[in-house]
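In what follows, a single structure is set out as structure tokens and then discussed.
The values are calculated or read from the model by the stated rules, or taken from the named source; none is laboratory data. Values in this document were obtained by computation on a predicted structure and should not be read as measured data. Note that we place each Cβ from the backbone using ideal geometry, even for glycine, and neighbour counts take in every protein chain shown. For accessibility, only protein heavy atoms count, side chains too; no ligands or nucleic acids. Shrake-Rupley method; radii C 1.70, N 1.55, O 1.52, S 1.80 Å.
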Amino acid sequence: MSTRKLVLLSFVFGAILSSTPAYSSQSPDLFERNNDGPDPSLSTTVTIGGRTFVNKGLVAFGLIPTEAKDQYGETLGGFGSSIALQRGSFKAKRDGTFSGKFVVLPDRGYNVETPVDWQNRFHHISFTLKPYYGKSNLTFTDAQKTLELKYLSTTLLTFNDKPTSGADPTFSKKFSGSNVEYPLVSANDARLVADTEGIVHNEDGTFWVSDEYAAYIYLVSPKGKVLQTIAPPDAVIPRIGGKTNFTSLSNPDSGRAPNQGMEGLTASPSGDKVYGLLQSALMQEGGGNKTINRYARFLKYDVEKLSKIRLESEYVVPLPQSSKPETYAQSEVHWLNKEQFLVLSRDGKGNGDSNAKAAYKGIDVFDISQATDIAGTEYDAATGSIAPGGQLRAGITPATYTPFVQIVNSTQLARFGLHNDKPVDRSLIAAKWESLALAPVNDPRYPDDYFLFTFADNDFMTQNGISMGKPYNATVDVDNQALVYRVTLPTVKRGSIEKAIGSVRSFLVDSLALPHCGIRTIIPFDFTEKSTSSSEMAMCVHAANWYTVEWDAPKFTAMSGDLVIPKLPPSGGTPYVWPGLQSSNGVLQAVLDGRKGAWWIGDGFYGTPSLPWGSGFSVSPGQTVHFTFELGNNNVWTCTLSGPNSAKTTLTIPNSTMNRAILAVELTNVPFTFGPITYRNLKITATTAASGWCGKTVSLGYSQGKNIEKAAKTAAPEANKTGMNALRFEEGKAAELEDAAVACAAFTAADPVTTAILP
């Protein structure tokens with residue numbers, strides 16, 4: 001068999017944390033400065049589909065005071081109903097902080113006593129996130145410094161050039177050219193009535209906004225104008241006496257229950273799919289009765305062509321219940337991948353409720369991969385029911401539901417000066433958490449880590465309120481609270497969250513926003529080069545860049561290959577080249593270190609637990625080093641290096657399932673002018689009978705906002721057919737296939753081990 005090689009000149013990442021190497025255990029990086037990163041003792045894990053999801057704990061808390069006002073002089077409240085990161089606003093800074101803007105959506109105004117004629121709106125707020133991982137509990141005042149929120153502006157909603165209203169609808173009609181029956185203020189007042197509960201920010205600047213009165217989804221312009229409407233199946237439309245009736249003041253005979261409409265809203269990162277989740281069961285499925293209203297409908301719409309929007313599929317989500325039982329209705333949903341979603345299910349207890357002691361406020365995960373698609377069936381007819389009397393019909397398989405992050409955790413809350421139950425004061429956890437948003441942590445050691453934001457809906461409860469120009473006193477003050485968690489989401493496709501929020505995947509983007517001059521700007525299969533002067537080169541190479549090729553599988557048990565030592569890089573920077581295996585807790589690496597003007601290679605594990613670095617030896621350009629990582633019994637990994645010298649390291653790494661194999665180049669203050677990097681005889685072993693993983697790679701490279709997936713599909717389709725295992729990467733040239741490439745070894749489904757070989 002002829003010898004082939006993978007030449008790695010891979011993908012530009014943005015600026016990184018510091019010049020500290022990814023495996024160093026000496027100097028803390030910016031994530032760990034002053035507080036050593038998330039405390040492992042506070043982490044909780046769940047396993048879903050064989051993958052481990054990790055809640056690393058609460059890392060920030062902030063609020064906007066209850067007495068705050070918007071630009072129209074109205075009380076700034078209720079905006080925890082839904083939030084969306086404003087596209088392109090999320091930034092990571094070199095000091096370890098993050099900034100961005102949220103578009104936040106209040107519901108229908110101060111309506112504790114009765115719905116009011118209040119014009120719907122959304123607000124823009126900015127934030128600065130300073131994650132706190134310290135061991136000591138913060139005071140309530142100091143905790144607010146970890147998430148600083150600032151109100152910016154407000155956009156009012158209109159329909160047919162008239163203001164919308166939050167008043168209870170007493171009339172409905174169809175307008176000319178539309179089959180949609182709209183909820184209106186009255187027969188003499190054709191203003192659209194809405195109780196807005198969900199928001200998605202689209203790439204073109206428009207928004208999807210969901211509603212509780214009609215359970216509709218509206219397309220809204222950046223200026224707040226309703227442009228288009230998605231109506232749900234007939235089974236969801238509320239009816240009294242056989243006629244459509246959108247009131248929230250009495251129970252309909254069928255359709256959505258009062259104040260239990262299209263509460264949750266999310267979309268795919270590309271924006272071609274929109275998903276809506278009912279707050280709880282329809283009336284004909286147990287709605288209105290907390291003991292049996294747990295089966296909520298989940299609707300998926302194809303919106304790629306706005307002229308041909310269609311219901312693509314529909315599923316049933318079984319909401320959690322207390323021991324009574326009593327359903328914890330859901331308040332928000334968020335896309336993870338095409339089969340898995342975050343969902344926020346909760347009780348209504350806490351600050352703002354008569355009962356201060358909350359029991360359940362869960363940010364959980366549901367999976368529809370095995371669920372029954374009921375779209376277009378008899379169950380979508382006007383009185384169609386999937387669960388008569390709250391009992392799910394035989395033959396309908398619901399989504400699987402797994403608890404994940406529990407907000408009601410006294411230990412976590414105490415770290416930020418918060419508490420559950422009495423006394424009723426500003427530090428009491430809010431009752432109604434209703435929103436979710438995700439943003440990348442940008443930690444190169446944990447690339448599957450995300451910040452999970454959630455805001456509370458305070459129902460405009462303040463003793464110093466203004467509604468429709470008139471003062472009011474709700475007798476209590478409930479601030480607009482916000483929490484941020486750090487979570488590991490292993491099933492989220494890397495780069496998809498960045499795409500959804502219009503961000504660029506980078507490990508702490510440089511706050512100076514200097515161009516990638518002096519370095520070839522590279523994305524998979526699309527090589528471009530920008531010439532620069534020597535002065536530009538000196539200005540731009542201050543930041544670190546990552547170049548990687550990666551494979552994903554449920555569990556890797558071995559990796560080996562030959563690394564050809566490249567020429568020496570320029571002096572003065574921090575160059576590392578390494579193959580490795582990564583888990584959610586850290587990375588096992590054979591690191592080629594060129595910091596001292598010469599190459600040295602050694603093995604080690606960087607992560608949790610903290611382990612001493614292994615032995616190694618010096619090497620020279622042109623020499624070849626054979627490396628191996630092999631898992632034995634009792635979580636013991638044996639690492640060997642052989643070539644001009646030899647070294648062996650044994651490491652016990654508990655609670656670390658290696659599910660990603662990586663070939664990486666990690667550079668700080670040094671350009672990539674010393675390539676190519678060459679691997680031969682690369683062999684990676686995974687404990688799975690499925691072969692697909694070894695023909696697919698994940699290449700974490702983003703540059704100037706270009707997306708990897710699109711580039712990979714459009715620029716070299718032939719390369720995708722072979723899984724990229726036999727590609728040659730040369731500086732300044734397009735990637736090209738080598739002859740007779742073999743990506744995967746032959747195997748059968750009965751064989752528990754799949755091996756990818758690069759001969």
- Note on the structure: The condition of being more than 24 Å from Thr266 (Cβ to Cβ) and open to solvent by less than 50 Å² (accessible area, probe 1.4 Å) holds, among Val209, Val185, only for Val185
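Name the residue, out of Ser178, Ser82, Ser165, that is open to solvent by 10 Å² or more (accessible area, probe 1.4 Å), touching a residue at least 40 places away in the same chain (Cβ under 8 Å) and of a type in the set (Gly, Ala, Ser). Explain how you work it out, then say what you get.
Working: Ser82 fails: open to solvent by 10 Å² or more (accessible area, probe 1.4 Å); Ser165 fails: open to solvent by 10 Å² or more (accessible area, probe 1.4 Å).
On inspection, the qualifying residue turns out to be Ser178.
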- Message: out of contact with any Ser or Thr (no Cβ under 8 Å at 6 or more places or on another chain) and surrounded by fewer than 21 Cβ atoms within 10 Å (Cβ to Cβ): is that true of Gly50 in this structure?
- Response: yes
- Got at least one residue in region 145-163 being small (Gly, Ala, Ser), more than 30 Å from Pro238 (Cα to Cα) and assigned to a strand (DSSP E or B)? yes
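Could you pull out the residue among Thr411, Thr397 that is in a loop (DSSP other than H, G, I, E, B) and either over 21 Å from Glu263 (Cβ atoms) or open to solvent by less than 20 Å² (accessible area, probe 1.4 Å) (or both)? Step through it out loud before you land on a result.
Numbers: Thr411 fails: in a loop (DSSP other than H, G, I, E, B).
Residue meeting the stated conditions: Thr397.
Please verify whether Arg256 is touching a residue at least 60 places away in the same chain (Cβ under 8 Å) and charged (D, E, K, R), treating the condition exactly as stated.
Values: touching a residue at least 60 places away in the same chain (Cβ under 8 Å): no; charged (D, E, K, R): yes.
Taking the combined requirement at face value, the residue does not satisfy it.
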- Those residues of region 423-479 which are in contact with a strand residue (DSSP E or B) (Cβ under 9 Å, 6 or more places away or on another chain), basic (Lys, Arg), more than 18 Å from Glu263 (Cβ to Cβ) and open to solvent by 20 Å² or more (accessible area, probe 1.4 Å) amount to Arg426
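Can you tell me how many residues within region 439-485 are over 27 Å from Lys93 (Cα atoms) and either of a type outside the set (S, T, N, Q) or not in a strand (DSSP E or B) (or both)?
Residues of region 439-485 that are over 27 Å from Lys93 (Cα atoms), as a first pass: 457-479.
Still in the running and either of a type outside the set (S, T, N, Q) or not in a strand (DSSP E or B) (or both): 457-466, 468-479.
Of the residues in that region, 22 qualify.
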- Task: Note down all Cβ pairs under 7 Å where the first residue falls in region 51-69 and is charged (D, E, K, R), the second is open to solvent by 20 Å² or more (accessible area, probe 1.4 Å), and they're at least six residues apart or on different chains.
- Result: Arg51/Thr491; Lys56/Pro38; Lys56/Ser43; Glu67/Asn464; Lys69/Ile466
- Query: Which residues, counting only those in region 253-272, are over 16 Å from Leu342 (Cα atoms), open to solvent by 10 Å² or more (accessible area, probe 1.4 Å) and under 30 Å from the mean Cα position of the chain (by Cα)?
  - Reply: Asn259, Gln260, Ser270, Gly271, Asp272
- Message: Step by step: first the residues of region 577-608, then only those that are part of a loop (DSSP other than H, G, I, E, B) and within 34 Å of the chain's Cα centre (by Cα), then the one that is surrounded by the fewest Cβ atoms within 10 Å (Cβ to Cβ). Which residue is that?
- Response: Thr608
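Can you work out which of the residues in region 212-238 that are aromatic (Phe, Trp, Tyr) and part of a loop (DSSP other than H, G, I, E, B) is surrounded by the most Cβ atoms within 10 Å (Cβ to Cβ)?
Filtering region 212-238 for residues that are aromatic (Phe, Trp, Tyr) and part of a loop (DSSP other than H, G, I, E, B), the one surrounded by the most Cβ atoms within 10 Å (Cβ to Cβ) comes out as Tyr213.
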- How many residues of region 369-394 are open to solvent by 70 Å² or more (accessible area, probe 1.4 Å) and β-branched (Val, Ile, Thr)? The answer is 1
- Within the set of pairs 6 or more residues apart or between chains, which connect a residue that is on the phi > 0 side of the Ramachandran plot inside region 571-590 to a residue that is open to solvent by 10 Å² or more (accessible area, probe 1.4 Å) and in a strand (DSSP E or B) with Cβ atoms less than 7 Å apart? Gly586/Tyr606; Gly586/Gly607
